[in-house]
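The values are calculated or read from the model by the stated rules, or taken from the named source; none is laboratory data. Just so we're clear, the structure is a prediction, and the values are computed from it rather than from any experiment. Because the Cβ atoms are built from the backbone with ideal geometry, glycine has one as well, and the counts that use them run over all protein chains shown.
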Amino acid sequence: MTGRLQAFPTREFEARIANIQAAMKKRSIDLLLLHSPENIYYSCGFQTSGYFAYQVLFVPTTGQPTMLVRYLERGNIHEYSYLGEYETWKEGDDVVERTLDVVRKLRCESATIALETTSWFLTTAVADRLRSSLGQAKFIDTQQLVEKLRVVKSAQEIECVRRAGAIVATEMKAASEVLREGVAENQVAGAVFNAGVLAGCEYTGLPHHIMSGHRYDVCHANWTPKVIAKGELVLLELYGCFERYHATQMRTFSIGKPAHEAADAAKLVIEAQDRALSELRPGVSSKFVDALVRGPIRTIRPDYYNRSGYSTGIGFPPKTAEWETLDFNEQSDWAVEEGMAFHMLALARGFGISETVVITKHGCERVTSGVPREIVVV
C-alpha cells in the first residue's frame, strides 16, 4: 500500500529496511524492536503526535516489518506509511502481552532480539517483562543501529532539510520585521509562528527560543511577555520542520547600537565559525572542526563547554536533531561524510549565530540564509 501523505516513495523505505536488515545480520540480530518515534518514522513513514501511547515496530531479518499501534492510531498507518500489515491494541489491553503475541507470530521466542534500551519510549517495566516472558530469547541493545544509518541522508532527505531551511529563513525574516524597542517577546513569537506555518512548517521538535537582555543566560528560554528594551541584545534560535526533518538558525539583534564588547565578540565568533565551515567537507575530523570554533571563543569565554555542532534530521518533541549520534565536541572524533546534515553553532557574551548545513562532495552547503551573519542593529 501507499500512504496518502507518505513522505518518501515506498522504494526508499524498502531500501532503508534492507540496510537495517543487513546491519542486523552483521550483528546476528533476528528481530529488532523499535520504540523511538524517530526510528519508526525513518523505517516505515508512520508518524503521529500521539506517540505518548505505546507503539513498536518489529523488524525481522527477512521480509517486511510490522507495527503494533493503538487502535485509535491505525489511521496514521494509512495516511503516512507503506506498511500493509499491522497489529493494534485497545484501551484495557496489556500492551506487553500484545507485543509478545507478535513476537510469537514471528516465531522469535528463542531468537536474538535487539531493544532500544536508551529510548525514552521503552520503559524499564516493559523491557523487564519482555525479558522475563521470553526466557529462551537472547536480548541485546541495538547500539544505535538505526540512528547510525540515519546520519547519512538520501537525496530526498537532503531536500527535506533544504525545505526546512527555507522555512526557518522565512521565520527569521518575519522576526526581524517585528523586532523593535517596546515589543514583547511573545509578539515576536506570534510573528514567527504565523510566518512559519504559512510557509509550510510542521510542529517543531523544540519550541522557538526568544531570549532578550538578561534572558540570554537562560538556556533554551521560551518567549515571555517581557518587553524588549533599548540597548538589549535579542538572541533568536528558530526551527523549520518539513516532513519531520529540521533546520535551525540562530541570529542576534541589537536594539540600538551594540556595546563594544558585544560587537567585538560577534566579530570573533563569526570569524571562528566561518573558518570551521570552510573546512567542513567529507573526510575531515570532527574534533579538528570543533577546535576551530572552540579555541578562539575560549579566549573570551574560558568556560565554553558547549558543542559546536551536531547531526540534524528527523525530530519529534522534545528533539530536533541527532546530537546523541554525532556531536562536535572536545572528546569524540569521527569523520564527516557526504550526505550528512548538521546544525553548526557558536556563541559568547550575548551573541550567538548558527547555520544548518549539508555536506556535499566538495564541502558544505548552507541551507539557512536570509538575515545577515552579523549583529543586526534594529
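Going by the conditions given, is Gly182 on the phi > 0 side of the Ramachandran plot, of a type outside the set (S, T, N, Q) and out of contact with any Leu (no Cβ under 8 Å at 6 or more places or on another chain)? So Gly182 passes the test.
For the range 325-351, the candidate set comprises residues that are at pLDDT 95 or above and among the small types (Gly, Ala, Ser); within that set, the residue that is surrounded by the most Cβ atoms within 10 Å (Cβ to Cβ) is Ala341. Take the conditions (1) surrounded by fewer than 17 Cβ atoms within 10 Å (Cβ to Cβ); (2) free of Cβ contacts under 8 Å to residues at least 24 places away in the same chain; (3) among the charged types (D, E, K, R); Lys138 misses just one of them, which is (2).
Restricting the range 141-152 to residues that are more than 13 Å from the chain's Cα centre (by Cα) and of a type outside the set (Ser, Thr, Tyr), which is surrounded by the fewest Cβ atoms within 10 Å (Cβ to Cβ)? Checked the range 141-152; the qualifying residue surrounded by the fewest Cβ atoms within 10 Å (Cβ to Cβ) is Asp141. Scanning the range 301-322 turns up no residue that is β-branched (Val, Ile, Thr), under 16 Å from Lys287 (Cβ atoms) and buried (at least 17 other Cβ atoms within 10 Å of the Cβ). One residue alone among Leu72, Leu68, Leu115, Leu32 is in contact with a Phe, Trp or Tyr (Cβ under 8 Å, 6 or more places away or on another chain), among the aliphatic types (A, V, I, L, M), at pLDDT 95 or above and more than 24 Å from Trp323 (Cα to Cα), and that residue is Leu68.
All of (1) free of Cβ contacts under 8 Å to residues at least 24 places away in the same chain; (2) more than 26 Å from Met1 (Cα to Cα) hold for Leu72 with one exception: (2).
If you go through the range 279-322 and keep only what is touching a strand residue (DSSP E or B) at 6+ places or on another chain (Cβ under 7 Å), of a type in the set (Lys, Arg) and either modelled with pLDDT under 95 or more than 24 Å from Ser154 (Cα to Cα) (or both), you end up with Arg301, Arg307. No other residue among Val152, Val168 is modelled with pLDDT of 95 or more and either of a type in the set (Phe, Trp, Tyr) or not in a loop (DSSP other than H, G, I, E, B) (or both) apart from Val168.
Reported count of residues in the range 262-271, each being surrounded by fewer than 22 Cβ atoms within 10 Å (Cβ to Cβ) and either more than 23 Å from Leu292 (Cβ to Cβ) or of a type in the set (A, V, I, L, M) (or both), is 4. Only residues that are more than 17 Å from Glu271 (Cα to Cα) and buried (at least 20 other Cβ atoms within 10 Å of the Cβ) were counted across the range 358-370, and they come to 4.
Checking each residue in the range 111-132 for being in contact (Cβ under 8 Å) with a residue 24 or more places away in the chain, within 18 Å of Ala53 (Cβ to Cβ) and assigned to a loop (DSSP other than H, G, I, E, B) picks out Glu116, Ser119, Trp120, Phe121, Leu122.
Scanning the range 194-220 for residues that are among the hydrophobic types (A, V, I, L, M, F, W, C) and either surrounded by fewer than 18 Cβ atoms within 10 Å (Cβ to Cβ) or closer than 18 Å to Thr368 by Cβ (or both) yields Ala195, Val197, Leu198, Ala199, Cys201, Leu206, Ile210, Val218, Cys219.
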